[in-house]
Protein chains: 2
Amino acid sequence: MLGKFLPESGQPGAGIFPLRNPDVGECQPGDPEEWFALRYDLTASLARVCAQYAHELPKPFRRYQVGTVWRHEKPGLGRLRAFTQFDVDSVGVHGLIADAEVCALACDIFEALEIPRGDYQIRVNNRKVLAGVLVAAGLDPGSLADTSSQTGAVLRAIDKLDRIGLEGATELLGKGRRDESGDYTKGACLDPKQIEQVVSFLRVPRGERLSVCEALDRLVGHTDIGKVGIDELREIDRHLGAIGRDSEDVAFDATVVRGLGYYTGPVFEGVLTKQFCDESGRPRSFGSLFGGGRYDELVERFSGEKVRAVGGSIGIDRLLEALKLFEPEVPSSAAQVLVAVVERERISWYLGVTRTLRSAGINTEIYSGDGNLRAQLKYAAKLGIPFVLIAGGRELDRDVVQVKQLVYSARNGTLAQASHAEQPTQWEAPISRVVPALHERLAPSRESVGVWSCARTGGTNQA
Amino acid sequence: MLGKFLPESGQPGAGIFPLRNPDVGECQPGDPEEWFALRYDLTASLARVCAQYAHELPKPFRRYQVGTVWRHEKPGLGRLRAFTQFDVDSVGVHGLIADAEVCALACDIFEALEIPRGDYQIRVNNRKVLAGVLVAAGLDPGSLADTSSQTGAVLRAIDKLDRIGLEGATELLGKGRRDESGDYTKGACLDPKQIEQVVSFLRVPRGERLSVCEALDRLVGHTDIGKVGIDELREIDRHLGAIGRDSEDVAFDATVVRGLGYYTGPVFEGVLTKQFCDESGRPRSFGSLFGGGRYDELVERFSGEKVRAVGGSIGIDRLLEALKLFEPEVPSSAAQVLVAVVERERISWYLGVTRTLRSAGINTEIYSGDGNLRAQLKYAAKLGIPFVLIAGGRELDRDVVQVKQLVYSARNGTLAQASHAEQPTQWEAPISRVVPALHERLAPSRESVGVWSCARTGGTNQA
């Protein structure tokens, strides 16, 4: 089933990692059981599950899923062959609430990760509007899902607009285009009048949702399919307004296509709008961090039953790569306290105090390596554990422990021992007072990762 | 690298899903780049990473990981070909603190999942003690990792003790054994004296840790390797004592082997000790829910550098299957409130109130299907959403909403509308009071999944 949904379905098997069924001994070539493939996305298998368990699942069926997917393609920056995808889908939906919610969810996720409003944007288009353009140009929109057709070539030309500009896209709508590397891509072979129609569509500026709808109305509103597409966009606009997401957060953009063949209606992608440069000053682009859309015919391919569905995905690895641009990486650990092993013969005491701290809700690690105290402090600093509990015979004989607080040092990008006198970073506590003393220092950030806020406020853990 | 660690290394490729490298066109048979395999466990690849990044990783390197692993074997109850494994490892450790911690962690996990103490048990052995038995019987323990050897056959016989009993194991130590299905397994071909020595070892009763050590001392304490193994067990016992885990939680058991060839020292498994029967009254066994051990030579195979390491894994799918035996499945959803869509033309109001509730920290879902109110209540019941917010024109014209609380019905295993008068389960609230009113009802269980405690206390959400 998979090959049919792939962006380049002209090359069967391209893009996937095939896997021969080890249980099939001697089977005829073409036996549907002969080959498996590593999971290409989470949506095709969701559709299969929804078809198979249609009568047991709640309606609508909404689920999120995190898992590895595999793409057999050239790896690059933020483009791995095996990566972790976060996927959210609503299957069996009515109207376009769920479409608006998927876009709003992407905004919520980016903002929860502290990417400020204005630094990201969700861009929405509708495959039906794209079909309207094709109809207006006298092409067959019925083969929208068939990416090997002329239609497919037009969509790919539109999809590449951002990378190759209007001139490049115009070449791809015509006979073809040779890129800087000398590679030649055959074009869609439209005639000049058709090219003009598509290009005027590409000139619709992305942005304010109702303005885009009005511009599209003039270009494709006279086609049945285009009109339906614009009406759907207007409905999504209303829902987004009610949810509280304006055109800065979620814009309409006539050039969004999305590669996958199974989309049937609204399609979305999320990008970073903030500009970043690499070390040599060249702008750094991540491509889209979020993508999704409507796939009202996907479940039908498995069960024959029409089921409306919409979803979106985020590539976690690429997102993490992008987040580094916003915030320098600071070591951080779930552990709040490291119990140092100062004198090996007292190991039972260290294990006991570890147990006591854990019972009190303090995330505690006991050092399990073979380094000396210096190495243990270095270990805590490298991991971002903000407190180290130190106790040898000198302390334990007096029923006290030493607690050392490590603070973030921007100089070497790790935690370090602070030296300035105004902020004591090591103190002695009676054993009986260790838990309340640590609770007091950890209190404001106990719910989050302690060291993170410690780092951000430049040395205290009180943020 | 993988094949060497597999339980049945006599059959190369057995147990794994091989995958031909799609980038290798014409390569010689045996080219190490020609074949990949789907990940068999999370430990072998961790060892590779630790070898490759030895100088960048903290020492010790402790990490947990959750991911899919694949086993090409006969599927069965709680035995899937692709399953989710939770894995925890400490690499570069000193002494046996980390071994004790892995076992204690398994206890903590089972208890956090409300499997009571006494209903599970972690069982610990040491491969060095097993090697001692082999030495005592005049066999070569050097080939402990080589599972195709006579040694391997002895270990497999010991490993099967629980399933086939002492008599069956004795047959496997000798010429071989025919099982009920008629299949014949070739044995280890020990002579009668050797068999007797191994059998007396198998007779050591599992349980109280120091008693097991004493019994083992009498049997294998005279071998160098056996003595080291027993000393290690005694150290683990001391650490477990300091952590607060007695022999009921973590027992010693001379018959624990663990299948994987890379273990070098202590090995652990965790089982349910509580007896469960299936519908026809037959005892139901899950095999082990947790397994792990020491693998001091695994990193070395990749880097040549000796690195001590220990870890353990839990098969999540099997664990979930087992948890169903302790607690009937109750539908539960992260969503606490479903906003019903009563009149479609008021959709913006429903989206707005959804937004308001979410902003107030209440997990809220807006109904996105096409069902009537009855279908929407059924949807909430099926998913386990405890509150449904209902508002049509009749309510909104008066600035009020109806809130319906669903309670767990043991009769049909879902949430339902309660009817008893003493506990009102539907009430009217002014719109301005909806958030505080819901907060009040959700308060005691806001941190956990509301409906879960709702179900356990038979109808109220106050637990």
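Only the coordinates and a few stated rules stand behind these numbers; no lab work does. Predicted, not measured: the structure shown is a model, and the values here were computed from it. All Cβ positions, glycine included, derive from the backbone under ideal geometry; neighbour counts span all protein chains shown.
For the pair B:R81/A:L320, report the inter-label distance in nm, with labels modelled 7 Å from Cα in the Cβ direction.
3.0 nm
Using +1 on the beta carbon of Lys and Arg, -1 on that of Asp and Glu, and nothing else charged, what's the dipole of the stretch B:288-334 about the Cα centre, debye to 20? Please report the intermediate quantities before stating the final value.
On the way: 6 positive and 8 negative charges, 32 e Å.
Its charge dipole is roughly 160 debye.
Kindly put B:V403, A:V388 in sequence by how many other C-beta atoms sit within 10 Å of each C-beta, fewest to most. Each step should come with its number before you reach the end.
Details: B:V403 20, A:V388 24.
In order of increasing Cβ crowding within 10 Å: B:V403, A:V388.
Simple spin-label model, 7 Å along Cα-to-Cβ: B:R346 to A:Q150 in nm?
5.2 nm
Taking neighbour Cβ counts within 10 Å as the exposure measure, how do A:C277, B:C107 sort from fewest upward?
So the residues, fewest neighbours to most, are A:C277, B:C107.
Whole-Hz ³J(HN,Hα) for each residue in the stretch B:49-55, computed from phi via Karplus 6.51 cos²θ - 1.76 cosθ + 1.60 with θ = phi - 60°, x for glycine and proline: what do you get?
4, 5, 5, 6, 10, 3, 8
Based on Cβ point charges of +1 for Lys and Arg and -1 for Asp and Glu, what charge dipole magnitude is obtained for the protein assembly as shown about its Cα centre, in debye rounded to the nearest 20?
Charge dipole of the protein assembly as shown: 640 debye, to the nearest 20.
When the label point is put 7 Å from the Cα of B:Y53 along its Cα-to-beta-carbon vector, which residues of the stretch A:325-360 have a backbone N closer than 20 Å?
A:325-335
Going toward the positive end of the dipole of the stretch B:69-166, with +1 on Lys and Arg Cβ and -1 on Asp and Glu Cβ, which of B:F86, B:V133, B:Q121 do you reach last?
My answer, from the dipole projection, is B:V133.
Could you tell me which of rounded, prolate or oblate describes the stretch A:39-150, using a ≥ b ≥ c as the square roots of the eigenvalues of the alpha-carbon gyration tensor, with rounded for a/c under 1.5 and, failing that, prolate when a/b is larger than b/c and oblate otherwise? Show your work: numbers first, answer last.
Working: a/c = 1.27, a/b = 1.14, b/c = 1.11.
Rounded is the answer for the stretch A:39-150, as its axis ratio a/c remains below 1.5.
Between 0 and 90 degrees, rounded to the nearest ten: what's the tilt of helix B:192-202 against the longest Cα principal axis of chain B?
Result, in degrees: 30.
Rank A:V342, A:S149, B:V400 by how far each Cα sits towards the positive end of the charge dipole of the protein assembly as shown (+1 on Lys, Arg Cβ; -1 on Asp, Glu Cβ) and give me just the farthest.
My answer, from the dipole projection, is B:V400.
With axes computed from alpha carbons, what is the tilt in degrees of helix B:161-173 against the longest principal axis of chain B, rounded to the nearest 10 within 0 to 90?
20 degrees
Can you tell me the FRET efficiency between B:K193 and B:V228 if r is taken as the Cβ-Cβ distance and R0 is 35 Å, rounded to the nearest 0.05?
That pair, B:K193 with B:V228, gives E of 0.90.
Using alpha carbons only, how many degrees (0 to 90, rounded to 10) separate the axis of helix B:347-359 from the longest principal axis of chain B?
Roughly 50 degrees between the two axes.
About the Cα centre of the stretch A:64-203, how large is the charge dipole given +1 on each Lys and Arg Cβ and -1 on each Asp and Glu Cβ? Please answer in debye to the nearest 20.
With Lys and Arg at +1 and Asp and Glu at -1, about 480 debye.
Placing +1 on the Cβ of each Lys and Arg and -1 on the Cβ of each Asp and Glu in the stretch A:221-370, which of A:S359, A:G241, A:S285 has its Cα farthest towards the positive end of the resulting dipole?
Positive-end residue among those listed: A:S359.
Between the alpha-carbon centers of the stretch B:31-52 and the stretch B:311-377, tell me the distance in whole angstrom.
That distance is 39 Å.
Rounded, prolate or oblate: which one fits the stretch A:204-252, using the alpha carbon gyration tensor with axes a ≥ b ≥ c (rounded when a/c is under 1.5, else prolate when a/b beats b/c, else oblate)?
Taking the square roots of the gyration eigenvalues as a ≥ b ≥ c, the stretch A:204-252 is oblate.
Using the number of other C-beta atoms within 10 angstrom as an exposure proxy, rank B:F302, B:F252 with the fewest first. Don't skip to the end; give the middle numbers.
On the way: B:F302 17, B:F252 28.
Least to most surrounded, the residues fall as B:F302, B:F252.
List the lysines whose alpha-carbon lies under 29 Å from that of A:K382, not counting same-chain residues fewer than 8 positions away?
Hits, sequence-local ones excluded: A:K324, A:K404, B:K59, B:K306.
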